[in-house]
Amino acid sequence: MPDKKEKFYLTTPIYYTNGLPHIGHTYTTVVADVIRRSKRMRGYDVVMTTGTDEHGVNVERAAKKAGVPESEFVATMADAWRTLWDELGIPADEFVRTTDLKHVRTVQWLFKLCRGNGYVYKGHYTGQYCIYDNAFVNDAKPGDNCPDCGRPLETVTEENYFFKLSSFQKPLLDFYKKNPDFIQPDTRRNEIISFVEGGLKDLSITRTTIRWGIPVPGEEPHVFYVWFDALTAYLSAVGGPDYEKRGYWPADLHLVGKDIIRFHTVYWPAFLMAAMLPVPKQVWAHGWFLMDAAKMSKSKGNVVLPRPIVNMLGMDALRYFLLRDVVFGQDGNFSYDALVTRYNSDLANGLGNLASRTVALIQKNFAGKIPKPATFKSQDEALAKEAQNAIGEVLENFDKLSFARALETIWTVIAAADKYLTSEQPWALGNSEADQVRKATVLWTTAELLRIVAALAFPVLPDSAAKVWTLLGQSEALGKFEVGGLRWGQLAPGASLGKAQTLFPRVDKTEAIERIEAMANEELNPTPATHAPAANAPAATGASAAAAAAPAVSDKIGIEDFAKVEMRVGQIKTAERIVGADKLLKLTVDIGTEIRQICAGIAQYYEPESLIGRKVAVVVNLAPRKLRGVESNGMIVAASVGPEGRPVLTGFHEEVEVGARLK
Ligand code: ME8
């Protein structure tokens, strides 16, 4: 453990605001949070930065499409990103936006330093440019497609400021040699070294064809090119020109996906060397989460969203799956099937079951207090040894970012404890003194093992590990616990257990997947506001924020458009709540020709019983859809009242026949 709180600064990429966070972005941010927590448990003073990359032609276009000024567009999107990280329990210590004034100043300052040192000149550039990736593609010919995203390239000529990247071939190669850990994993390091050995071309770092960017002072219409702008965000987040005062620069770790490693390990150290500023200590490039063997992207329509998974299984389950199923650094396939299988086997049956069994036995046999162990038998000692050995192994693997290994070790210990309980059978022991003493020893041993498991698993499972910790009567907050001092044998007898609870309720796989998919569908295609309020959309989801920024189509429709909507008088026959969906009611409604099942987002405002027999307006020709896994075949019309959008059902003051059409 460091003597005086040693500082540790780590970053995620500064994500683009023309899209919304999916599982890939969540992965990088979760990994950063796991490292942050594990470093804090080792006594470090940690700062983790994430943020939003808000300039460039893509944003210009997206804002135009949404019919709002760029500044408004990016503010809405940055808010959606920040809100999601907060909601998922992974808030940034520093959230940097590239439109922040402090960032603008830092970029302009860095440019001045590079220019002052002779590494910047003015010239013209014609090249093949990918407007989606905001990058010129070296060696591409007109008509080529982008090697990264596959979209067509555009030929662009303009006056630019150039950065003398070519001067940094030798300094970079020397730097990689002197700092062999700078690029991780090793395979990526070798790729980058070969790339730099192949020669470096100067790099254009400003644009005159783009309006939405940070101005080059006194050189308008030049604005900074996106990588010179975006990479500098890491430095602006911790003080910019005054970075020495805060003391977090150079960064200890930039976590990135393999798509952007070159920018981080070639351009970024070169910019900093040119400005004579300290270079980060390490860049770690992880692999991609793939969906059906392709990289997830919104344009391909194969994105997985984090929020529906978290709503169904909890954040810890998502974190565990992301880190357990894929070797850090390699690509991995995402599948809901694998996610739910892991949840049921490792969390519900594994950790959850061990914790509830142990606590229930202590509650029953020792009045809810940690028992005092007596003589240990060889099998107790074997288990103790396994847990004690796991401590060093797990901490070392966290340090090496070998998360899957660390978790595998923890779960081997959990499995050993399960086996131990099954063979020792403390529940079968009687009430003789010898049996009581043995029971106490077995249950203390299992509880002590659980305490160690909780401390080790905390960075990955912060909520549930903290619950196990409190269940075992530990008073110190687990997040503040210094794990370097963790040893077998520290569990004090006599501590009162907390109230037993189910940590991970088992779920039916098919039903869970259906519900997750239904929620994702709802988030990607939110129910329009004029419908009964969206069943499950939390306030300001990313998607709804983006939808809010969408242009008003046209404020008038023809009668033929209205005629497409078939609305009829319906009578509610039955109404019930839906487990796990606190805003939804499941109704059956007589629409004259048939009885329909319809879900309505009104559960917080109407008691089911009060609705029976009520006549309402129903849109009957809406395509069926699933809400929280429950089929809904039509829509009940309601007014949306007040800022919270309280639904008020339509009604009729005169007698109307069920099935009558509304015109
Ligand atoms: O590149 N699997 O932003 P971005 C794993 N603004 N990780 C993934 C992923 C996937 N399928 N998809 C995205 C940018 N990521 C620039 C960065 S930094 C100064 C500027 C993660 O929104 C991964 O970390 O496209 C990847 O590098 C990053 O999101 C790209 O985010």
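The values are calculated or read from the model by the stated rules, or taken from the named source; none is laboratory data. This is a predicted model, so every value here is computed, not measured. Every residue, glycine as well, gets a Cβ built from its backbone with ideal geometry; the counts of neighbours run over all protein chains shown. The area values use the complete protein model at the heavy-atom level, side chains included, leaving out ligands, DNA and RNA. Shrake-Rupley method; radii C 1.70, N 1.55, O 1.52, S 1.80 Å.
List of remarks:
- Residue in the range 139-147 that is touching a residue at least 60 places away in the same chain (Cβ under 8 Å) and not polar (S, T, N, Q) present: no
- Only listed residue being open to solvent by less than 40 Å² (accessible area, probe 1.4 Å) and at pLDDT below 95, chosen from 539, 534, 500: 534
- Tabulated pairs, the range 228-239, first of a type in the set (Ser, Thr, Tyr), second not in a helix (DSSP H, G or I), C-beta under 6 angstrom, 6+ apart or interchain: 234/11; 234/251; 236/96
- Pair list, Cβ under 6 Å, 6 or more apart: the range 405-434 residue part of a helix (DSSP H, G or I), other residue among the basic types (Lys, Arg): 407/324; 426/439
- The test for being within 28 Å of residue 329 (Cβ to Cβ), touching an Asp or Glu at 6+ places or on another chain (Cβ under 7 Å), acidic (Asp, Glu) and open to solvent by 10 Å² or more (accessible area, probe 1.4 Å) holds for residue 259.
- Out of 366, 321, sole residue that is at pLDDT 90 or above and crowded, with 21+ Cβ neighbours inside 10 Å: 321
- Filtering 289, 271 for residues that are open to solvent by less than 10 Å² (accessible area, probe 1.4 Å) and not small (Gly, Ala, Ser) leaves a single hit, 271.
- All conditions but one from (1) open to solvent by less than 40 Å² (accessible area, probe 1.4 Å); (2) within 34 Å of the chain's Cα centre (by Cα) apply to residue 644; the one that does not is (1).
- Boolean, residue 609 is without any contact (Cβ under 8 Å) to a residue 24 or more places away in the chain and either in contact with an Asp or Glu (Cβ under 7 Å, 6 or more places away or on another chain) or open to solvent by 50 Å² or more (accessible area, probe 1.4 Å) (or both): no
- Residue check: residue 44 meets all listed conditions (1) among the hydroxyl-bearing types (Ser, Thr, Tyr); (2) buried (at least 24 other Cβ atoms within 10 Å of the Cβ); (3) touching a strand residue (DSSP E or B) at 6+ places or on another chain (Cβ under 8 Å) but one, namely (2).
- Every listed requirement among (1) hydrophobic (A, V, I, L, M, F, W, C); (2) more than 25 Å from residue 406 (Cβ to Cβ); (3) assigned to a loop (DSSP other than H, G, I, E, B) is met by residue 488 save one, (2).
- Residue satisfying all of: in the range 130-163; over 14 Å from residue 227 (Cα atoms) and within 16 Å of the ligand (Cβ to nearest atom); modelled with the lowest pLDDT among these: 148
- Of the helices (runs of 4 or more DSSP H) lying entirely inside the range 256-339, those containing at least 1 residues that are away from the ligand (no atom under 12 Å from the Cβ) and out of contact with any helix residue (DSSP H, G or I) (no Cβ under 7 Å at 6 or more places or on another chain) are 268-274.
- Exclusive hit being under 21 Å from residue 247 (Cα atoms) and at pLDDT 95 or above, set 30, 120, 47: 47
- Residue 616 open to solvent by less than 40 Å² (accessible area, probe 1.4 Å), touching a helix residue (DSSP H, G or I) at 6+ places or on another chain (Cβ under 9 Å) and β-branched (Val, Ile, Thr): no
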